[in-house]
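Okay, so here's the structure we're looking at.
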Amino acid sequence: MKSINKHSVSLLGFLLLLFCNSALGAEPITIKVATDAAPRVQFGVERIVSALEKIGLAATTTNDAVAQILIGDSQDAAELGNEGFHLQSNNQGQITIHGGGDSGVLYGCLELARRIEAEKLLHKNLDFQDAPVFKLRGPCFGMQKTSILPGRKVYEYPYTPELFPFFYDKAYWQQYLDFLVENRMNTLYIWNGHPFASLVQLPDYPYALEVSPEVFEKNVEMFRYIAKECDKRGIWLVQMFYNIIVSQPFAEHHGLPTQMDHIDPIAADYTRKSIAEFVRQYPNVGLMVCLGEACVTLDNQVKWCTEVILPGVKDGMQAAGLVEEPPVVIRAHATDATVVMPKALEVYGNLYTEAKFNGESLTTWEPRGLWQEIHQKLSQLGSTHVSNIHILANLEPFRYGAQRFIKKSVQASRDRLWAQGLHVYPLAYWNWPDAPDKVTPPLQQIERDWIWFEAWARYAWNPDIEDDADQEYWIDRLAEKYGTREAAEQILTAYNESGECAPLLLRRFGITEGNRQTLALGMTLDQLINPEKYRPYPELWLSQAPHGERLDEYVQKELAGEPHTGETPVSVLSDALACSENAVNAIEQAAPGVSTNQAEFNRLKNDVSCIRAMVQNYAAKVNAAILVMKFQQTHDTSLLNEAEQQLAESLEHFRKLTLLTNGSYEFANSMQTDTRRIPVTGAIGTEPVSFHWSQMLPVYEQELADFQASVAAVNGGDTTALFRREKKPLRKAAVKVLTPQAEAYTVQTGTRAYNDQQWRIQALVPELDQLTGIRFPHTTAAQGAYDPVEFEVEEPVLVLIGYIRDEDKQWLQPPRLEMDALGGERGGTEVYIQDAAIVDTLPPIDVYALRFDKGKHKLTMRGQGSFTVLGIAVEE
Ligand code: SER
């Protein structure tokens, strides 16, 4: 009843106001604006006119200097700061909008329009100045899908209406771009592997086009439309692309792979011309370059950047008659930007840089270590450096509105990373524009996650908003959505408290901050206890977490009775449990006060319960892990029995999480490919397999059953039963080596592992003994000139690659899916046999297994350096 009365009163007030405004303001409000004003200024004026209309006042534009609102020109840029503005009224009540550049005028107009709508009058006493802190502020979206297209590789998605209907929907663009400009965002990035074959046509390579002529025409029209609509709103459109990727028909025509590490002259010519044509056709659209992932070799990345990409931009400038270099953004991902940038700057002056804030997750507002250094070095180059809130692999798929965390992250981007730009991913990146909720028709991410985008944008404009005023702001915003301030206050608490949980859990227990892990799907006990088997990514805890202890360090210290330092597994569990409980309490208290958007509130409430169940699942499992790790040192079997109870409890929480998500979510993660490895693989080939809790529940049920059986065996005296994995036996496969510089040999102790060295195998695990290996010259491989060995097999095999465990440049490293999403194409991303062999005095060798089908193959490796082939085998 209370809210109905409130609304009735305010509706009456508004009607009265409309009446008064139209009665009193019979003459239209006059707005002076230059007839040749920039489109974004005209857009701003339209917003003022429409705000006045909403409160019942007519408005008209004029050339007359005595107008009531004067739109100043942009001569005040130096004084107001780029994009700054000043709203000022004089004694006669005449309002002038001064702007730092046309964008400043636009933001001044929007501010005036906002005030007119909020206060329901045109104030005559104004003196308000504002300017953004971050120079670049904006989101991205992916022209990417949740799974890999059949016959394609990662990031390869042509722009077509079948794959991306939203791209062709002008009403969608109006809504989305209005949302961005309302939030004063000024950049929009479109991500895709190789967009050129959808957007430009090259006379020299007509067959390279990846879409039909009709779709191509539509693409050109839409891309121009989007760029123009962006420009009207002060938004710089930027097209991102990966290297080295070429179009599929181009690749087929020339017998090349679509994704490569080597610089093929025809691919280079095609790419340079594609870029030139793109710049010529869309001169106001920016480019952002990811020099990796397919291209893994730094030398090739530098060459490709300085001899292909940047010259392509220059060719395009010339063709378009551009005098000033348009900015090109270079990503720090999958390359060493500190090496690339000095060389690139020799070729091209106007380069911006971009690096990930917390990798592919949100984990801390205290980034440090190596990644902090990289950011700072790039920031010091003197151009614009952008902090990229990249994929949110640990937040998916739930709502996230922890403005406290976001505010501190924006402050950290400025104060710890020295960035001047902020580039924000959506929460369900690979599923743009839809949210992952099971709702028909799907929810739009900009609607579901309005608070996510709004918070980043708000703090990118001003990261130092005073906390109390800020809290009031968010309560007002949430009250607009859910009807009452009482509910809003609790909802804000629920957002802030629940938003601490995923960052805490991942940074302390995770294997990686990369896409490789989906936090919401849980982790196996083995992954918690033996993370090194899963190739943990140390920067997760060294760069993207506050100082603290991993589980093994914590257990060692506990057993040794040593004091702990920093954040510990136990402190994290206690914080996450408390935060998730506070969130549940708050959202329950909010419920009675919710009077609008009930269905969305219910979904938010369900998310809070899911986060609680996820935290409880992790807490019990980490407790089980700690007990097992203590047992491994002490052999006290009572610890194991306790661990079994904790593991059973963690399963119950996972069961609850599955129940809560069964009806509410399509999936836990929007990337359903084999790059996902933790807790289990996300796809087999291009077929998604493990993306929902319901698919993981049987895995965890089996895990508990196996653990119970091992504990029973240990209790019965079989002390090695715990985590014993029966590996499938390997059988020697017949292999023909077709390359003259390489040869097949029998793997056994005493044998040489390379054909140009005397180094002999000193020790070997039994599984490898007597298999057929392949040896080739170490020296050329160590110098980066390995010539891929060609071989033939008569049945599907595992090629057992021995990686020498040493980071020296002469040795090839196993692929890192964090930097190289293609790296797992044949498997071989986790160790298959640790400490598999010793060769002479070389460091120890670990074996990784690559899958090959029957037939002839080239053993092409990703990256440079020497390695060994310690067997070709069939897993039985
Ligand atoms: N790993 C990919 C990138 O960083 C997608 O997240 O570009």
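Whether any residue in region 696-710 is open to solvent by less than 50 Å² (accessible area, probe 1.4 Å) and either within 16 Å of the ligand (Cβ to nearest atom) or assigned to a loop (DSSP other than H, G, I, E, B) (or both) is what I want to check.
no
What's the number of the condition Leu87 fails, among (1) open to solvent by 10 Å² or more (accessible area, probe 1.4 Å); (2) of a type outside the set (S, T, N, Q); (3) assigned to a strand (DSSP E or B); (4) within 30 Å of Gln411 (Cβ to Cβ)?
With (1) open to solvent by 10 Å² or more (accessible area, probe 1.4 Å); (2) of a type outside the set (S, T, N, Q); (3) assigned to a strand (DSSP E or B); (4) within 30 Å of Gln411 (Cβ to Cβ) applied to Leu87, the lone miss is (1).
Taking region 654-672 as the search range and keeping residues that are among the polar types (S, T, N, Q) and open to solvent by less than 10 Å² (accessible area, probe 1.4 Å), which one is farthest from the ligand (Cβ to nearest atom)?
Among those that are among the polar types (S, T, N, Q) and open to solvent by less than 10 Å² (accessible area, probe 1.4 Å), it is Thr658.
Right, Thr675: more than 16 Å from the ligand (Cβ to nearest atom) and assigned to a loop (DSSP other than H, G, I, E, B) or not?
When the stated conditions are applied, Thr675 does not pass them.
Run down Glu581, Glu588, Glu562 and say which single residue is free of Cβ contacts under 8 Å to residues at least 24 places away in the same chain and closer than 17 Å to Lys656 by Cβ.
Glu588
Given the options Arg47, Arg40, name the one that is at pLDDT 95 or above, touching a Ser or Thr at 6+ places or on another chain (Cβ under 9 Å) and in a helix (DSSP H, G or I).
Every option except Arg40 fails the conditions.
Could you look through region 807-824, keep only residues that are more than 11 Å from Arg535 (Cβ to Cβ) and without any contact (Cβ under 8 Å) to a residue 60 or more places away in the chain, and pick out the one that is most open to solvent (accessible area, probe 1.4 Å)?
Here the residue is Lys809.
The rows are residues; the columns are (1) more than 20 Å from the chain's Cα centre (by Cα); (2) crowded, with 22+ Cβ neighbours inside 10 Å.
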site	(1), (2)
Trp456	no, yes
Tyr459	no, yes
Asp476	yes, no
Tyr482	yes, yes
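Residue check, Lys557 against (1) on the phi > 0 side of the Ramachandran plot; (2) out of contact with any helix residue (DSSP H, G or I) (no Cβ under 8 Å at 6 or more places or on another chain), all met but one. Which one?
The single condition Lys557 does not satisfy is (1).
For region 252-270, enumerate the residues that are crowded, with 21+ Cβ neighbours inside 10 Å and either outside any loop (DSSP other than H, G, I, E, B) or charged (D, E, K, R) (or both). Full working, then the answer.
Our first condition is that a residue be crowded, with 21+ Cβ neighbours inside 10 Å; within region 252-270, this holds for 258-259, 261, 267, 270.
Within region 252-270, Gln259, Asp261, Ala267, Tyr270 qualify.
Here is a check on your reading of the model: is Glu558 modelled with pLDDT of 95 or more and within 27 Å of the chain's Cα centre (by Cα)?
So Glu558 fails the test.
For region 442-480, enumerate the residues that are under 20 Å from Thr661 (Cβ atoms) and part of a loop (DSSP other than H, G, I, E, B).
Those that are under 20 Å from Thr661 (Cβ atoms) and part of a loop (DSSP other than H, G, I, E, B): Pro442, Leu443, Asp449.
Within region 165-186, count every residue that is open to solvent by 40 Å² or more (accessible area, probe 1.4 Å), closer than 18 Å to Trp461 by Cβ and in a loop (DSSP other than H, G, I, E, B).
Residues that pass the stated criteria total 1.
Kindly indicate whether any position in region 189-201 is in a loop (DSSP other than H, G, I, E, B) and among the aromatic types (Phe, Trp, Tyr). Break it down into steps so the answer makes sense when it comes.
Taking region 189-201 first, the residues in a loop (DSSP other than H, G, I, E, B) are 192-195, 200-201.
Add one more test, that the residue is among the aromatic types (Phe, Trp, Tyr), and what stays is none.
No; the residues of region 189-201 include none that is in a loop (DSSP other than H, G, I, E, B) and among the aromatic types (Phe, Trp, Tyr).
Could you say which residue among Glu562, Glu553 is assigned to a loop (DSSP other than H, G, I, E, B), under 26 Å from Phe631 (Cα atoms) and either open to solvent by 30 Å² or more (accessible area, probe 1.4 Å) or away from the ligand (no atom under 16 Å from the Cβ) (or both)?
On the way: Glu553 fails: assigned to a loop (DSSP other than H, G, I, E, B).
Testing whether each residue is assigned to a loop (DSSP other than H, G, I, E, B), under 26 Å from Phe631 (Cα atoms) and either open to solvent by 30 Å² or more (accessible area, probe 1.4 Å) or away from the ligand (no atom under 16 Å from the Cβ) (or both) leaves just Glu562.
Could you tell me whether Tyr242 is among the aromatic types (Phe, Trp, Tyr), open to solvent by 40 Å² or more (accessible area, probe 1.4 Å) and either more than 16 Å from the ligand (Cβ to nearest atom) or closer than 22 Å to Thr258 by Cβ (or both)?
Judged against the criteria, Tyr242 is not a match.
Quick one: which of Trp371, Trp365 is at pLDDT 95 or above, within 16 Å of the ligand (Cβ to nearest atom) and open to solvent by 10 Å² or more (accessible area, probe 1.4 Å)? Walk me through how you get there before you give the answer.
Numbers: Trp365 fails: within 16 Å of the ligand (Cβ to nearest atom).
None of the others qualify; the one that does is Trp371.
Whether any residue in region 759-780 is within 35 Å of the chain's Cα centre (by Cα) and either of a type in the set (Asp, Glu) or over 30 Å from Leu540 (Cα atoms) (or both) is what I want to check.
The answer is no; no qualifying residue exists.
Scan Leu812, Leu822 and give me the residue that is within 16 Å of the ligand (Cβ to nearest atom) and either in contact with a helix residue (DSSP H, G or I) (Cβ under 6 Å, 6 or more places away or on another chain) or of a type in the set (A, V, I, L, M, F, W, C) (or both).
Only one candidate passes the filter, namely Leu822.
From Tyr189, Tyr225, grab the single residue that is hydroxyl-bearing (Ser, Thr, Tyr) and open to solvent by less than 10 Å² (accessible area, probe 1.4 Å).
Of the residues listed, the single one that is hydroxyl-bearing (Ser, Thr, Tyr) and open to solvent by less than 10 Å² (accessible area, probe 1.4 Å) is Tyr189.
Restricting the search to region 319-355, which residues are within 16 Å of the ligand (Cβ to nearest atom) and either on the phi < 0 side of the Ramachandran plot or surrounded by fewer than 17 Cβ atoms within 10 Å (Cβ to Cβ) (or both)?
In the first step, residues of region 319-355 are kept if they are within 16 Å of the ligand (Cβ to nearest atom); the result is 329-337, 340, 353-355.
Of everything in region 319-355, those that are within 16 Å of the ligand (Cβ to nearest atom) and either on the phi < 0 side of the Ramachandran plot or surrounded by fewer than 17 Cβ atoms within 10 Å (Cβ to Cβ) (or both) turn out to be Val329, Ile330, Arg331, Ala332, His333, Thr335, Asp336, Ala337, Val340, Thr353, Glu354, Ala355.
If only one of Glu156, Glu162 is open to solvent by less than 30 Å² (accessible area, probe 1.4 Å) and either farther than 30 Å from Leu57 by Cα or not polar (S, T, N, Q) (or both), which one is it?
Result of the check over Glu156, Glu162: Glu156.
Residues of region 51-84 being farther than 16 Å from Pro28 by Cβ and open to solvent by 40 Å² or more (accessible area, probe 1.4 Å), which ones?
Ala65, Asp73, Ser74, Gln75, Ala78, Glu79, Asn82
If I go through region 838-862 residue by residue, how many of them are closer than 18 Å to Ile872 by Cα and in a loop (DSSP other than H, G, I, E, B)?
Number satisfying all stated conditions: 4.
Okay, residues lined up against (1) open to solvent by 10 Å² or more (accessible area, probe 1.4 Å); (2) within 13 Å of the ligand (Cβ to nearest atom); (3) in contact with a helix residue (DSSP H, G or I) (Cβ under 8 Å, 6 or more places away or on another chain):
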site: Ser379; (1), (2), (3): yes, no, no
site: Ser383; (1), (2), (3): yes, no, no
site: Asn388; (1), (2), (3): no, yes, no
site: Glu396; (1), (2), (3): no, yes, yes
site: Tyr400; (1), (2), (3): yes, no, yes
site: Lys408; (1), (2), (3): yes, no, no
site: Ala412; (1), (2), (3): no, no, no
site: Asp415; (1), (2), (3): yes, no, no
site: Trp418; (1), (2), (3): yes, no, yes
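The values are calculated or read from the model by the stated rules, or taken from the named source; none is laboratory data. Remember, predicted model here, so these are calculated numbers, not experimental data. Quick reminder, even Gly has a Cβ in these numbers, built from the backbone with ideal geometry, and neighbours come from all protein chains shown. Just the protein is used for accessible areas: all its heavy atoms, side chains included, with ligands, DNA and RNA removed. Shrake-Rupley method; radii C 1.70, N 1.55, O 1.52, S 1.80 Å.
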